[in-house]
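Enquirer: I have a structure I would like to understand better, so I am pasting it below and will then ask my questions one at a time.
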Amino acid sequence: MNVLIVAASPEPIPDLPRDADLVIGVDGGYQKLLDEKIDADVVVGDFDSYKGLPPEEALRFPSEKDVTDLEIALQLAIDRGATRMDVYGALGGRIDMTFANVGLLESYPGMILHGKGNMIFLARPGDSGIPKQEGHYLSFMPWKTATISIKGVKYPLDHHEVKSGEALTVSNEWVEASARLTVHEGMVLVMIVKK
């Protein structure tokens, strides 16, 4: 099941997809859904960033809690059978929140972060095809340490160990219609970043 989750980044949020099986508005992200005339199936949050009156059926949480509003939405999506979670409005704004949201990729397989011209997901062991996107770079950031192979790009690698303290795998480019990433060990953040 494909779930659309919209959070409350102060940065502009790109146009949202309209083909999700479940739509979750997270606090101020609910306003973006209203603006785009997309019905939310669930609205969650402590409502510190939403300026209006939350819907009566919203799931309200205290502002002082051990998880973020986004984590609540992600867990709700998993509990309802999510296999893919497209998250908008979780990049940009406060740097600590952005880093925390990127860190959530480890706990929620199937989560993809979308921002204005950017997309980030965490690749686990196995193969991933990454279709070419004009006007974008393709970067791979090891989640601590990983061994990877990359094909279909300007700077290919074969069973190469990459570490989080190095920048070897930043700003690659497609040379074929699709890049092929193989994660042999570890995990890798895949970033598709606007040039």
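Enquirer: Mind ranking Lys163, Lys51 by accessible surface for me, highest first, 1.4 Å probe? Present the calculation step by step, with values, prior to reporting the outcome.
Expert: Numbers: Lys163 90, Lys51 180 Å².
So the residues, ranked largest to smallest area, are Lys51, Lys163.
Enquirer: Between 0 and 90 degrees, rounded to the nearest ten: what's the tilt of helix 69-79 against the longest Cα principal axis of the chain?
Expert: The angle comes out at about 80 degrees.
Enquirer: Taking the Cα centre of region 20-61 as origin and charging only Cβ (+1 Lys, Arg; -1 Asp, Glu), how large is the dipole, in debye to the nearest 20?
Expert: 140 debye
Enquirer: Might you work out the accessible area of His184 for me, using a 1.4 Å probe with all protein chains in place, and round it to the nearest 10 Å²?
Expert: Result for His184: roughly 70 Å² accessible.
Enquirer: Let me ask something else about it. Just how much of Ser107 is accessible, in Å², when a 1.4 Å probe is used and the result is rounded to the nearest 10?
Expert: It works out to around 80 Å².
Enquirer: With +1 on each Lys and Arg Cβ and -1 on each Asp and Glu Cβ, and nothing else charged, work out how big the dipole of region 122-195 is about its Cα centre, in Debye to the nearest 20.
Expert: Dipole of region 122-195, to the nearest 20 debye: 200 debye.
Enquirer: About the Cα centre of the chain, what is the dipole size in debye to 20, counting +1 per Lys and Arg Cβ and -1 per Asp and Glu Cβ, all else neutral?
Expert: Numbers: 19 positive and 29 negative charges, 141 e Å.
It comes to approximately 680 debye.
Enquirer: Here's another thing I want to ask about it. Restricting attention to region 49-136, which GluC sites (Glu not before Pro) occupy a DSSP loop and are surrounded by at most 15 other Cβ atoms within 10 Å? Intermediate values should be presented prior to the final figure.
Expert: Details: sites: Glu56, Glu57, Glu64, Glu71, Glu106, Glu134; in loops: Glu56, Glu57, Glu64, Glu134.
For GluC sites (Glu not before Pro) across region 49-136 that sit outside H, G, I, E and B with at most 15 neighbouring Cβ atoms in 10 Å, the list reads Glu56, Glu57, Glu64, Glu134.
Enquirer: So, in nm, how far is label Glu57 from label Arg18 when the simple model puts each one 7 Å beyond its Cα toward the Cβ?
Expert: So the two model labels end up 2.1 nm from each other.
Enquirer: How much of the DSSP beta bridge set in the chain is antiparallel, as a percent to the nearest 5?
Expert: Numbers: 35 of 53 bridges.
The antiparallel fraction comes to roughly 65 percent.
Enquirer: Holding the Cα-Cα limit at 31 Å, pick out from Lys163/Lys194; Lys65/Lys116; Lys37/Lys144 the pairs that are longer than that.
Expert: Values: Lys163/Lys194 24 Å; Lys65/Lys116 29 Å; Lys37/Lys144 41 Å.
Violating the 31 Å Cα-Cα cut-off are Lys37/Lys144.
Enquirer: Now for a separate question. Say the dipole of the chain comes from +1 at the beta carbon of Lys and Arg and -1 at that of Asp and Glu; which of Ser107, Thr182, Leu22 then lies farthest toward its positive end?
Expert: It is Thr182.
Enquirer: Then there is this: How large is log10 I(q)/I(0) at q = 0.08, 0.15, 0.17 Å⁻¹ when the Debye formula is applied to the Cα atoms of the chain, each weighted equally and without solvent?
Expert: Calculated log10 I(q)/I(0) at the listed q: -0.28, -0.90, -1.10.
Enquirer: Still on this structure, please answer the following. Could you provide, to the nearest whole Å², the per residue accessible area of region 29-116 with probe 1.4 Å?
Expert: Values: 4860 Å² over 88 residues.
I get 55 Å² per residue for this part.
The values are calculated or read from the model by the stated rules, or taken from the named source; none is laboratory data. All figures in this text were calculated on a predicted structure; none of them were measured in a lab. No Cβ is skipped: glycine too gets one built from the backbone with ideal geometry, and neighbour counts run over all protein chains shown. The accessibility values were calculated without ligands, DNA or RNA, using every heavy atom of the protein model including side chains. Shrake-Rupley method; radii C 1.70, N 1.55, O 1.52, S 1.80 Å.
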